[in-house]
Amino acid sequence: MEQNKKTYPPSWVVMQNSIQECFKSMSIDEKRLLILASPVARTSNATEKDSITITAESFAQECNIKTHSAYKSLEEASKSLIKRYFCYLDEKGRKTYCNWVIRARYEEGSVSICFPDEVLLMLKEFDKLNPYTKYKKDIVLSLRKDYSFDFYHLAKKHQTMGKFEISLEKIRTEFGLPESYHDLSNLKKRVINPSLEEITANTDIDLTYENVKKGRSVVGFKFTVREKPTPKLIVPERDQNTVDMFRSLSDNQINMYSSILSKVSSISDLAGAKDYQAFAIWISNILRDPKSVREETAKRIFKALRTETDFKG
């Protein structure tokens, strides 16, 4: 049985569907912390005794935020997670309460957390008895709206079906919405519309919705999930040679070239609000997968690569 166990690389976030409860009422930094810890727990086969360390530098790079504010965000997120708990019925039907995080340790520039077995199970075991959802880490971490994480997780969970419905009552309770969002127009304006717009603009899916009515009253929503077509990248032969050569390079080599290119003026306009470290991460992802961006962007990266480094593609 062990050889048939599903495995996924660290670049993927994989969680049992039951963990959707964890996003309820959580801040965006709490969600980010769980998403970053998820692949570490899975790939290291962590136990309750094993601490999972997230550095402020990696948190800033992965989430595309400023490094100087990352440590405070990490500390506050871990403190909040320690206070949170969930309830489940054990094998004998007994109601059991469990904290999401057992302990957190704060060191200079990093936070280390330990999960209980119940949470680790949801981050490590994936089969028919433990249905799960998976998505690329860099895609979900590009989201910034408070409820975009929740909608994206639900959409990826139902992507193969292409649609799902959720009642007004369920969306209020599962998302832990404050009473101000019980007003339908406010719910759409502040929660649903901004989240779906951000997901459609920044991820691998298009997500739309329509009202579900009972008589004249709106009782829920029907969401439609469509996977975006993967753009076909056509590059000149010389650039294609560069792409082919990069497939044989180590992560350290790719990171070295990305660090150099992050400071090149000819492509600095591509950085947007990113600092050098975040821009370098963005470039390294392109070098690994040039299809992830528009063709013209990839060409500019390859041109700068050949011009500014000793790489000969």
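The values are calculated or read from the model by the stated rules, or taken from the named source; none is laboratory data. Note that the structure is predicted; figures quoted are calculated from it, not measured. All Cβ positions, even for glycine, are placed from backbone atoms using ideal geometry, and neighbour counts span all protein chains on display.
What the table shows:
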read-out: Residue in segment 61-83 that is crowded, with 20+ Cβ neighbours inside 10 Å, of a type in the set (Lys, Arg) and within 19 Å of the chain's Cα centre (by Cα) present; value: no
read-out: Test for Ala37: is it under 20 Å from Ala104 (Cβ atoms) and surrounded by 21 or more Cβ atoms within 10 Å (Cβ to Cβ); value: yes
read-out: Single condition Leu207 does not satisfy, out of (1) farther than 27 Å from Lys134 by Cα; (2) modelled with pLDDT of 95 or more; (3) in contact with a helix residue (DSSP H, G or I) (Cβ under 7 Å, 6 or more places away or on another chain); value: (1)
read-out: Any chance Leu123 is over 19 Å from the mean Cα position of the chain (by Cα), of a type outside the set (Lys, Arg) and more than 30 Å from Leu187 (Cα to Cα); value: no
read-out: Some residue of segment 187-207 being charged (D, E, K, R) and touching a strand residue (DSSP E or B) at 6+ places or on another chain (Cβ under 7 Å); value: yes
read-out: Boolean, Ser27 is modelled with pLDDT under 90 and either farther than 16 Å from Glu107 by Cα or under 17 Å from the mean Cα position of the chain (by Cα) (or both); value: no
read-out: Helices (runs of 4 or more DSSP H) (entirely within segment 57-158) containing at least 2 residues that are in the same structural domain as Ile192 (by TED's automatic domain parsing), among the aromatic types (Phe, Trp, Tyr) and in contact with a helix residue (DSSP H, G or I) (Cβ under 8 Å, 6 or more places away or on another chain); value: 148-157
read-out: Residue within segment 168-182 that is crowded, with 18+ Cβ neighbours inside 10 Å, over 18 Å from Asp29 (Cα atoms) and under 17 Å from the mean Cα position of the chain (by Cα) present; value: no
read-out: Complete set of residues in segment 183-221 that are in a helix (DSSP H, G or I), over 17 Å from the mean Cα position of the chain (by Cα) and closer than 19 Å to Glu165 by Cβ; value: Leu184, Leu187, Lys188, Val191, Ile192, Asn193
read-out: Any hit, segment 119-130, residues being under 26 Å from Cys87 (Cα atoms) and in contact with a Cys (Cβ under 9 Å, 6 or more places away or on another chain); value: yes
read-out: The listed residue being of a type outside the set (Lys, Arg) and over 24 Å from Ala70 (Cα atoms), out of Ile52, Ile28, Ile19, Ile35; value: Ile19
read-out: Exclusive hit being crowded, with 18+ Cβ neighbours inside 10 Å and either closer than 18 Å to Lys66 by Cβ or over 25 Å from the mean Cα position of the chain (by Cα) (or both), set Ala271, Ala304, Ala298; value: Ala304
read-out: Every pair of residues 6+ apart whose Cβ atoms lie under 6 Å, when the first sits in segment 27-52 and is free of Cβ contacts under 8 Å to residues at least 40 places away in the same chain while the second is of a type in the set (Val, Ile, Thr); value: Val40/Ile52
